[in-house]
Each structure stands twice: as C-alpha cells, then as structure tokens.
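*Asks:* Structure incoming, see below.
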Amino acid sequence: MDLSGVFELNQNYHKLFSIWCGALTCLKYIKTCSNLKSLESTHYAIQKKKVIAYIGPQICSSLDKYNYAMLLAVQELTGQSGNDNIEYEFWLDKSQP
C-alpha cells in the first residue's frame, strides 16, 4: 500500500477523518443503546438514514473506505495487528474498490 497518497489526502483534508470518526463513534453508541433490551428502538436506523440523506450514499461509502485506509496506515506505522471488530456500515460490499 502506498502511504504517500493517504498522507497527502489527510494533509489536504485533515478535518475529514476526525469528523467522520466522530460520526461513526456517535452512530456506534446509538446502535449499542438501541440494542439494549430496556431501550430497544429504531433510533439507530433513523440516525443512519439521516447521515445518508445529508451526505449521500456514495460519499458515505467513500468516507468508510478513507477511514479504512487511514486505519491501515496507522497500523502499518505502529506495527499493530488488524482491528477486525470495526464495522463499516456504509461500505457494504468490501470486494468493490
């Protein structure tokens, strides 16, 4: 993997990664709360659809791919193993580039 492209993209759009990570963290928390027996609700699905409506499905998918590339770059730099528990909600078909 050529990390120079990832770093150049991050230099030009440094807030993008932070904002998207924040959005994913919020959605993950809402999903956890929505799945609790005493709090079961459709709040997560509604919030996810709002994100898709505001940003668009293609951009959400691209941001998920960007997030994946950034995490790979960080793992390569730090020598850590893969983080398989990350769910990419918007990048449904991971066989697609």
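Read-outs: derived from the displayed coordinates by stated rules, not from any lab. Just so we're clear, the structure is a prediction, and the values are computed from it rather than from any experiment. Positions of Cβ are generated from backbone atoms using ideal geometry, with glycine treated the same way; all protein chains shown enter the neighbour counts.
*Asks:* Highest first, please rank the peptides 39-50, 24-35 by the mean number of other Cβ atoms sitting within 10 Å of their residues.
*Replies:* The peptides rank, most packed first, as 24-35, 39-50.
*Asks:* Quote the FRET efficiency, to the nearest 0.05, computed for Ser62 versus Ser34 with a Förster distance R0 of 30 Å and r equal to the Cβ-Cβ distance.
*Replies:* Efficiency at R0 = 30 Å is approximately 0.70.
*Asks:* If you don't mind, another one. Arranged from highest to lowest average of other beta-carbon atoms within 10 Å per residue, in what order do the peptides 57-66, 13-22 appear?
*Replies:* Taking the mean over residues of other Cβ atoms within 10 Å, the ranking is 57-66, 13-22.
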